[in-house]
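Student: Okay, handing you the structure first.
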Amino acid sequence: MVVLCKLSAYLKIAIMSLRLNRLRSMLSILGIVFGVMAVMVIIAVGEGMKNEALQQIEQLGIRNIYIRAIEVTAEKKVVASKNHGFGLTWDDLVRIRSGCATVENVAALKELNAAIIGGPREITPQVVSVTPSYGEALDLRLEGGRFISQRDCLLQNEVCVIGREISRSLGRSGQLGGIIRIEDHFFKIVGILGMSRQGHEGKTENIAARNYDEMILLPLGTMVWLAGAGDRQVGGEGQSLTELILQIDAPEHVLDSSRVIKRIMTSLHPDVQAYQIIIPLELLNQTRKAKRMLTLFLVTIASISLLVGGVGIMNIMLATVSERKKEIGIRRAVGAKKKHILVQFLTESAILTFLGGVIGISLGGMAMIILSFFIPWQVDITVEAIIFPLLISSVAGLFFGIYPAYKATAVDPIQALRS
Amino acid sequence: MSHTLVSMAGVSKTYSLGGNVVQALCEITLCLEEGQFVAVMGPSGSGKSTLLNIMGCLDRPTSGTYLFDGENVSRSSDENLSDIRSGKIGFIFQQFNLIQHFNVLENVSMPFLYMDVDQPTAMTKSAQAIEKVGLGHRLSHKSFELSGGEIQRVAIARAMAPEPKLILADEPTGNLDSQTGERIMDLISQLHVAGTAVVLVTHNSQVASRAQTIYYMKDGCFV
Ligand SMILES: Nc1ncnc2c1ncn2[C@@H]1O[C@H](COP(=O)(O)OP(=O)(O)OP(=O)(O)O)[C@@H](O)[C@H]1O
Ligand SMILES: [Mg+2]
């Protein structure tokens with residue numbers, strides 16, 4: 001009880017003294033305020049960015065290796081087509097499958113430039129044709145119906161599987177059994193994709209993840225795979241596939257397999273590399289590395305802000321101590337021990353830093369609300385984003401408050417009270 | 001039969017400044033009974049304040065023995081000396097007695113912060129002391145709003161509030177006109193009457209005449 005009273009007395013003294021120099025006290029905590037704010041924003045934004053990246057990679061599947069066709073110049077196309085044919089072909093897929101034992105499953109996708117007649121206005125669906133294995137390789141979930149089957153591909157059935165958004169925007173005709181017209185063909189809806197595991201749409205260009213909510217999947221025609229002739233169903237660019245997906249039997253084999261696959265691809269396409277190999281596992285590792293870098297960066301920023309903020313407080317506290325030598329002398333004369341003086345000045349530093357932390361967190365919160373309008377990914381105000389900056393600011397404040405408080409205890413009361 | 005409060009035997013204090021050694025006190029021997037009122041006079045630099053500081057356990061003698069209230073404090077630690085000052089000894093200085101931005105009550109109750117006393121008791125005792133020096137109507141005035149005489153009265157209240165055994169006053173009337181000084185001396189005399197031992201340093205023989213005994217100092221020695 002007595003201790004509590006004393007504590008409140010110390011707090012009262014500290015607050016009174018700080019209020020005496022209101023402007024100076026406020027200025028002294030600026031460093032802490034901005035430091036805390038910066039750390040908080042960095043944590044929240046970084047956390048959101050990391051989650052975004054991990055989510056996309058997870059969607060790609062860490063056992064998968066993607067080979068994607070990329071645009072090349074016209075001359076290169078000519079060179080390439082003279083020798084081995086241009087772009088990715090079914091042949092590539094077959095050769096890789098036979099050349100690399102760890103490949104467990106293969107799938108292919110072809111992007112089509114096809115117009116949907118009477119389709120939804122508000123979204124532009126992406127039309128692709130895929131092999132039946134595609135759904136399994138990407139772990140696509142169905143909300144209803146079935147996925148494209150082997151039969152569909154062999155018989156070139158005019159069926160399709162559509163994304164949720166498309167289904168919703170088509171209303172009645174977007175249900176199972178509905179008909180979608182693409183160019184001059186009519187495709188029956190046999191499946192509707194479930195919720196994509198991707199958090200939110202649209203920001204996926206940077207890596208290979210696709211937005212399945214707005215996709216229409218058609219069976220990849222056998223003609224395309226086998227003969228390399230034109231896609232009979234819808235007008236395409238000929239024999240080339242857009243994307244090959246190779247599912248490796250175990251995550252440990254992915255990196256080794258990727259080397260084998262690269263070798264096979266180079267031997268198949270020696271002149272022009274019109275493709276890009278994407279290894280989600282590698283991306284995952286890169287993201288982890290990036291996260292480590294981010295953490296390091298964060299720790300650096302935190303230490304700098306801690307240092308700057310702490311030095312600001314130390315500076316002011318040192319000035320305060322030398323200004324209040326008389327007060328210290330009087331207190332010592334009436335019976336204050338060194339430890340009492342220490343506690344008094346530490347209390348002041350602690351209040352300053354705590355105040356700085358609280359103001360910093362409030363400003364940081366506001367900054368994040370504003371920021372969330374400008375950055376595409378989610379900004380999460382996590383518990384760490386509040387606790388961490390508050391903790392470091394308090395530690396900084398106490399640490400840098402120790403020296404001034406120690407100086408205060410070293411004041412000789414006799415000297416201080418001499419005129 | 002009262003017992004001895006202050007007992008000094010051969011107490012010396014020397015300061016060494018660079019090569020020079022200043023003998024501020026030399027071989028002081030002095031006994032003070034409880035409740036005794038003594039004045040110390042002497043020219044400037046004769047060691048009066050030094051004597052008071054040692055007597056008040058703010059400072060330690062370079063050599064000699066000092067017993068305060070039966071306890072040898074000649075070699076006591078800083079912490080121990082603070083403990084003795086707290087509650088047993090009150091100081092009244094010539095100036096810089098109060099903390100400027102604190103009000104009267106806060107200044108007077110300050111010693112209790114460092115004592116094992118609960119808040120209500122501290123407040124009651126402080127308020128009583130302020131009442132006794134006639135400043136009951138000024139409790140919440142900041143000290144910079146007070147006159148010199150009022151400041152000294154607050155200082156007396158602060159010194160007496162914890163009911164110490166010894167009050168040390170170093171030229172308490174030095175900055176005041178004679179009339180105000182008289183009133184301050186009345187209050188100090190009352191402390192003595194109430195049973196507190198008082199040691200008063202002054203340059204004014206009229207002020208000193210209030211004491212039971214007057215010691216004269218010169219060059220660190222009694223004469
Ligand atoms: N910290 C110190 N360092 C060096 N010399 C000191 C110190 N404190 C006091 N002295 C010296 O000790 C001597 C006694 O000083 P003291 O303050 O006790 O004198 P005093 O009698 O109180 O004088 P005054 O009447 O002017 O207050 C002086 O010569 C002074 O210069
Ligand atoms: Mg003096």
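Student: Between A:Phe374 and A:Gln175, how high is the FRET efficiency from 1/(1 + (r/R0)^6) when r is the Cβ-Cβ distance and R₀ = 30 Å? Nearest 0.05.
Tutor: After rounding to 0.05, the efficiency reads 0.20.
Student: What does the C-alpha gyration tensor say about the overall shape of the protein assembly as shown? Classify as rounded when a/c is under 1.5, otherwise prolate if a/b is larger than b/c, or oblate.
Tutor: Cα axes put the protein assembly as shown in the prolate bin.
Student: Tell me what chain A gives for mean residue ellipticity at 222 nm when only DSSP H runs of n ≥ 4 count, each as -39,500 (n - 2.57), the sum divided by the residue total, rounded to 500 deg cm²/dmol.
Tutor: -18500 deg cm²/dmol, from helical runs alone.
Student: Can you list the lysines whose alpha carbon is less than 28 Å from that of A:Lys50, not counting same-chain residues fewer than 8 positions off?
Tutor: Partners found: A:Lys203, A:Lys289, A:Lys291.
Student: Please order A:Lys50, A:Lys262, A:Lys110 by the number of other Cβ within 10 Å, starting at the fewest.
Tutor: Ascending Cβ contact count within 10 Å gives the list A:Lys262, A:Lys50, A:Lys110.
Student: Extending each Cα 7 Å along its Cβ direction at B:Glu182 and A:Ser267, get the distance between those two points in nm, one decimal.
Tutor: The modelled label-to-label distance comes out at 12.2 nm.
Student: Can you give the FRET efficiency for A:Thr300 and A:Ile414, using 1/(1 + (r/R0)^6), R0 = 41 Å, r = Cβ-Cβ distance, to the nearest 0.05?
Tutor: 0.30
Student: Is there a simple number for the mean count of other chain Cβ atoms within 10 Å of the Cβ of residues in A:405-416, and what is it?
Tutor: 1
Student: Inside 10 Å of the C-beta atoms of B:82-95, what's the mean count of C-beta atoms belonging to other chains?
Tutor: Per residue, the average neighbour count from other chains is 4.
Student: Out of residues 5 or more away from A:Val159 or on other chains, whose amide H comes under 5 Å of its own, with H placed 1.01 Å from N in the peptide plane?
Tutor: Residues meeting the amide H criterion: A:Lys188.
Student: If neighbour count is taken as other Cβ atoms inside 10 Å, put A:Glu348, B:Glu182 in order from fewest to most.
Tutor: In order of increasing Cβ crowding within 10 Å: B:Glu182, A:Glu348.
Student: Cross-link candidates for B:Lys48: which aspartates and glutamates have Cα within less than 17 Å, leaving aside residues fewer than 8 places away along the same chain?
Tutor: B:Lys48 reaches B:Glu27, B:Asp59, B:Asp170, B:Glu171, B:Asp219.
Student: If packing is taken as the average number of other Cβ atoms within 10 Å across a peptide's residues, how do A:326-332, B:72-78 rank, most packed first?
Tutor: A:326-332, B:72-78
Student: Modelling each spin label as a point 7 Å along the Cα-to-Cβ direction, I'd like the B:Ala194/A:Arg19 distance in nm, to one decimal.
Tutor: 3.1
Student: A further question follows. Quick one: if the Förster radius is 35 Å, what FRET efficiency do A:Ile387 and B:His101 give, using the C-beta to C-beta distance and rounding to 0.05?
Tutor: Approximately 0.50, to the nearest 0.05.
Student: Would segment A:265-386 count as rounded, prolate or oblate if I go by the C-alpha gyration tensor, calling it rounded below 1.5 in a/c and otherwise prolate when a/b exceeds b/c, oblate otherwise?
Tutor: Prolate, since a/c reaches 1.5 and a/b exceeds b/c.
Student: If the cut-off is a Cα-Cα distance under 17 Å, which aspartates and glutamates reach B:Lys142, setting aside same-chain residues fewer than 8 apart in sequence?
Tutor: Candidates past the 8-residue exclusion: A:Glu327, B:Glu106, B:Glu131, B:Glu150.
Student: Could you work out how much longer the chain between A:Tyr406 and A:Asn315 gets when fully extended? Use 0.36 nm per residue separation minus the Cα distance between them, nm to one decimal.
Tutor: Additional length available on full extension: 31.4 nm.
Bear in mind these aren't lab numbers, they're just calculated from the coordinates by the rules spelled out. Source: prediction; values computed, not measured. Ideal geometry is used to build each Cβ from the backbone, glycine not excepted, and the neighbour counts take in all protein chains shown.
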